[in-house]
Amino acid sequence: MPEKFYVTTPIYYVNDVSHIGHAYTTIIADILARYHELKGAHTFFLTGTDEHGQKIEQAARSRGKTPAEYSDTISSTFRSLWDHFGIRYDRFIRTTDESHKVGVQKAFATMLAKGDIYKGEYTGHYCVSCETFFTETQITKDHNCPDCGKETQLLKEESYFFRLSAYQDRLLTWYDANEKCILPTSRKSEVVRFVEGGLDDLSISRTSFTWGIPLPVSVGDPKHVIYVWLDALMNYVTALGYGSQSENMDLWPADYHLIGKDILRFHAIFWPAFLMSLELPLPKHIAVHGWWTRDGAKMSKSKGNVVDPKKMADLYHLDSFRYFLVREVPFGQDGDFGQRALIDRINNDLGNDLGNLLNRLIGMSYKYFDGVIVSGQCEKYYSEELKRIQTVIGELDQLMVDIQINRYLEYLWRILSIGNKAIDTAKPWVRMKEGKEAEVQALLGFIANLLAKVALLLHPIMPEITLKMGRALKITLDAASFKSYVTEGQLLADFTIEKVPPLFPKIEAPLIAEASGGISIAAP
Ligand code: MSP
């Protein structure tokens with residue numbers, strides 16, 4: 001039985017167009033899914049859209065549309081962006097899907113039957129933008145949201161509550177017993193501190209609007225709709241059929257819930273408590289990334305500095321954009337997006353270190369040997385280097401497991417530098433003049449093997465470019481090759497290398513003119 005691997009992105013609100021933050025999470029999920037697939041796992045990758053709640057209802061109204069019409073339009077723009085990006089999700093869930101609604105209602109009924117839900121009255125503040133309840137002491141002096149800074153509403157309405165307070169100890173035990181349940185682990189202390197401070201019960205229904213999932217009919221209280229975060233979080237299990245006819249929870253628990261730091265509490269406190277109440281296993285990792293800014297400034301529509309991921313990927317090549325996003329910023333930290341940094345990565349890391357190595361290999365093999373690559377001799381001359389490469393490879397898996405993709409790439413580049421150094425040291429152009437053809441053949445065999453391993457290991461991050469490398473090196477980038485050449489360190493059979501055009505043509509200047517202040521990129 002292959003291992004299973006289940007990764008999720010947050011489901012995106014349909015009140016706005018997609019931006020770099022959404023692309024970032026989705027691309028990382030795609031990388032993880034592709035990586036585990038290459039390692040032979042049975043993977044399941046879930047993404048989708050979060051369509052209920054007051055925020056969406058308001059956004060639709062302000063555009064003269066019904067929430068359903070509006071959600072259909074924006075949800076499909078997300079879906080087509082992921083399709084355009086070649087994101088290999090297995091399921092695109094919408095919280096307006098009937099099967100999701102059934103699952104959420106089942107969860108509500110289960111929690112109610114267990115005594116974890118009671119009826120009361122909510123009095124307090126609410127931020128529609130964050131869809132979050134706040135107490136008097138949590139909001140700012142001007143009654144604004146402590147997270148997004150927008151004005152909060154004072155609510156006083158009948159509501160059902162979830163006994164979150166009853167889960168405080170069990171949550172603390174879970175954090176304590178599972179070192180990496182929240183990644184990076186530095187984020188865990190923030191959550192632990194918050195939970196140790198005491199948890200209030202959570203309002204989980206609303207009556208002042210209707211755009212949401214109604215309570216189960218059996219409750220007999222039709223004016224309530226379920227709180228959008230309970231509705232949304234449940235997507236991670238309703239996507240597997242939880243509560244519906246086709247329930248198949250074999251893939252549960254999720255291996256990774258990828259999220260941004262702003263939605264950590266919902267995922268690290270509410271979600272595990274809901275799961276405990278439903279008596280379902282808890283996710284293995286909640287992996288939390290930082291925030292992207294644009295040339296040092298917070299991105300916002302009004303400033304017109306929102307980075308449109310499609311424009312960037314189309315101009316600079318999707319794979320280079322993917323590489324930049326995960327190489328430039330350590331997972332978990334905030335990062336700044338700028339075209340110049342992207343261009344530097346493309347010209348230096350990708351062009352000089354990777355692309356040139358392949359060019360050199362192709363160029364020399366045709367110049368000296370009609371393109372024929374012979375692997376056999378490379379162990380004789382390069383056994384030390386091959387050993388060092390396998391040692392580096394041995395470190396990579398843990399880095400991917402811990403989502404330290406920037407370090408994973410840094411390590412992979414160590415392998416490239418072993419290759420580039422080997423050529424500089426061997427000086428094949430001199431060796432050929434001395435008639436030492438066998439040595440040069442060994443060198444080229446070594447470089448070809450090195451690049452084959454790099455192509456396989458880089459494939460999840462740069463799926464298209466590495467296919468070109470695979471074409472040149474005549475290897476298929478699949479689980480069988482991964483096992484042979486990466487895991488077992490086998491050598492390629494002899495082959496004739498195929499000429500492919502340079503992978504990363506040099507970029508001289510930003511492809512989008514930078515207005516003064518560097519802000520010129522506006523989402524449509
Ligand atoms: N609908 C909720 C998630 C429910 S999951 C059960 C939501 N949606 S969102 O569309 O507002 O945000 C989705 C993700 O985008 C979040 O993880 C958030 O952190 C991320 N980002 C939004 N802006 C971002 C940046 N500027 N940079 C990086 N990520 C950011 O929250």
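Share of carbon and sulfur in the accessible area of the chain stands at 50%, probe radius 1.4 Å. The C-alpha atoms of the chain occupy a region whose extents along the principal axes are 89, 55, 39 Å, arranged from largest to smallest. Remark: the stretch 307-365 projects, on average over all directions, an area of 4.6 nm² (convex hull of Cα atoms).
In straight-distance terms, cross-link reach from LYS141 covers every one of the aspartates and glutamates whose alpha-carbon lies under 18 Å from its own, apart from those fewer than eight places away in the same chain; here that gives GLU151.
Over the stretch 140-297, accessible surface divided per residue gives 42 Å², non-protein components excluded, 1.4 Å probe.
Per residue, the accessible area of the stretch 344-439 comes to 48 Å² when a 1.4 Å probe rolls over the protein heavy atoms. For the cross-link pairs LYS39/LYS421; LYS4/LYS39; LYS150/LYS188; LYS387/LYS468; LYS101/LYS301; LYS453/LYS499, the ones whose C-alpha atoms lie over 22 Å apart are LYS39/LYS421; LYS150/LYS188; LYS387/LYS468; LYS101/LYS301.
Applying both filters, DSSP loop and at most 12 other Cβ atoms within 10 Å, to the trypsin sites (Lys or Arg not before Pro) of the stretch 104-160 gives LYS141, LYS150.
Take the stretch 82-127 with all the other protein chains still there, run a 1.4 Å probe, and you get 42 Å² of accessible area per residue.
The values are calculated or read from the model by the stated rules, or taken from the named source; none is laboratory data. All of these numbers come straight from a predicted model, not from anything done at the bench. Please note: Cβ atoms are built from the backbone with ideal geometry, for glycine as well, and neighbour counts cover all protein chains shown. For the accessible areas, the whole protein counts, side chains as well, though only heavy atoms, and no ligand, DNA or RNA atoms are used. Shrake-Rupley method; radii C 1.70, N 1.55, O 1.52, S 1.80 Å.
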